[in-house]
Amino acid sequence: MEALALPAALALVAGGGAGLSPERRAALGASLPLLQRDYRFERVWFWGCIQGVRGAYYIAEGLGPDLAAPRSRLYSSNCLDWSLLTPATEEMRALAEQVKGRFQGDPSFEYSLAEINTEAAAKLIESGKEPVMKEEARLIATIEQIDREVGIVPRGAFVKTPLGSVHENRHFEGLSLVEAKKLSSYFHFTDPVNLKNKTLLEKADLDPSTDFLDSLEHDIPQGSWSIQLEKGGTVVVLRSLLWLGLTFYHVPMTKQFGYVYFGTGEKNLDLPFML
């Protein structure tokens, strides 16, 4: 969610019980504008918080002119001092998915790969490296995975130019209340997968400038999203049942939307058996 709209946005997603203390809100209000200035970001989003056993990670994302370009991600333990995270490699993502259990809350904590993946551990030993994975690597891999699987935006909020870059749609005035209650009105804000598999007949009704992302209606498993009207029917709230703690909000007929994550960073792998 936008750093400038943080207090109002947190109030809109508070129905799930998650939020920030007044001290944390004040700290973010002071540090995020400085973060944007120091790193020269076009905009800064407050991503959320991953709660560990001994501490929490507060996450912010920095974006450039092209909103589809890779984002810079930073973490903090006190909402004041921020550290830049190195983008995850494919190997890091694969190993992070195999790590089970809670985050510890210590970036320097090391997971033993011998207990997670013996093959990966053997390869590292052969190359002369220690068979360990730092929690910092697991953190960035988890953040990227959550963004990829459940980071969403309303249809029409962003446009794709003929050159391929993605920008904010200045003509977007929000979804109508009827459209806002449909899963097909929301897109995954990541590289499309299902769109490439559509036939030419299915693509004929799509607008290439706005329909360049995958819709939520075909997500697997079916039923992994909960849609609710809150605040007297004035706010549409989507909650992910796959990544418990991910909440998206949109105020129909306005430009107000965003998502935030407050959870443990663990995927709900039991969801197919719960539906």
Could you run through the stretch 144-188 and say how many residues are in a strand (DSSP E or B) and over 30 Å from Asn268 (Cβ atoms)?
4
Just one of (1) in the same structural domain as Glu135 (by the TED database); (2) within 18 Å of the chain's Cα centre (by Cα); (3) surrounded by 16 or more Cβ atoms within 10 Å (Cβ to Cβ) trips up Glu97, so point out which.
(3)
Contact list, first residue from the stretch 167-185 and of a type in the set (S, T, N, Q), second anywhere and assigned to a loop (DSSP other than H, G, I, E, B), beta-carbon distance below 8 Å, six or more apart or interchain, is Asn169/Gly156; Asn169/Ala157; Asn169/Thr210; Ser176/Pro252; Ser176/Met253; Ser184/Arg155; Ser185/Arg155; Ser185/Leu175
Give the residue that is nearest to Met253 (Cα to Cα), with candidates limited to residues of the stretch 168-185 that are surrounded by fewer than 15 Cβ atoms within 10 Å (Cβ to Cβ) and among the hydroxyl-bearing types (Ser, Thr, Tyr).
Ser176
Count, please, the residues in the stretch 220-238 that happen to be over 16 Å from Ser185 (Cβ atoms), touching a residue at least 40 places away in the same chain (Cβ under 8 Å) and either among the hydroxyl-bearing types (Ser, Thr, Tyr) or buried (at least 17 other Cβ atoms within 10 Å of the Cβ) (or both).
1
Matching strands (runs of 3 or more DSSP E) fully within the stretch 20-125 where at least 3 residues are among the aromatic types (Phe, Trp, Tyr):
43-51
For Glu217, indicate whether it is modelled with pLDDT under 80 and open to solvent by 30 Å² or more (accessible area, probe 1.4 Å).
no
List, please: which pairs have Cβ atoms under 8 Å, are six or more places apart or on different chains, and start with a residue in the stretch 17-34 that is within 10 Å of Cys79 (Cβ to Cβ) and not assigned by the TED database to the domain that holds Asp81 and end with one that is assigned to a helix (DSSP H, G or I) and open to solvent by 70 Å² or more (accessible area, probe 1.4 Å)?
none
Residue list for the stretch 206-222, filter: in a loop (DSSP other than H, G, I, E, B) and of a type in the set (Ser, Thr, Tyr)
Ser209, Thr210
Residue check: is Gly62 open to solvent by less than 10 Å² (accessible area, probe 1.4 Å), small (Gly, Ala, Ser) and farther than 22 Å from Leu244 by Cβ?
yes
Criterion violated by Gly105 - all others in (1) at pLDDT below 90; (2) open to solvent by less than 40 Å² (accessible area, probe 1.4 Å); (3) out of contact with any Gly (no Cβ under 9 Å at 6 or more places or on another chain) satisfied:
(3)
Which pairs turn up if I take residues in the stretch 66-79 that are over 15 Å from Gly52 (Cα atoms) and touching a residue at least 24 places away in the same chain (Cβ under 8 Å) and look for partners that are assigned to a strand (DSSP E or B) and open to solvent by 30 Å² or more (accessible area, probe 1.4 Å) with beta carbon separation below 8 Å, at least 6 apart in sequence or on another chain?
Asp66/His167; Leu67/His167; Leu67/Glu168; Ala68/Lys160; Ser72/Leu84; Arg73/Leu84; Leu74/Ser83; Leu74/Leu84
Considering only residues that are among the hydrophobic types (A, V, I, L, M, F, W, C), out of contact with any Ser or Thr (no Cβ under 6 Å at 6 or more places or on another chain) and either assigned to a loop (DSSP other than H, G, I, E, B) or farther than 30 Å from Arg170 by Cα (or both), which ones fall in the stretch 223-270?
Trp243, Leu244, Val251, Met253, Leu269
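The values are calculated or read from the model by the stated rules, or taken from the named source; none is laboratory data. Only a predicted model underlies this, so the values are computations on that prediction, with no experimental measurement involved. In this analysis, Cβ positions are derived from the backbone assuming ideal geometry, glycine residues included, and neighbour counts consider all displayed protein chains. With ligands, DNA and RNA removed, areas are computed over all heavy atoms of the protein, side chains included. Shrake-Rupley method; radii C 1.70, N 1.55, O 1.52, S 1.80 Å.
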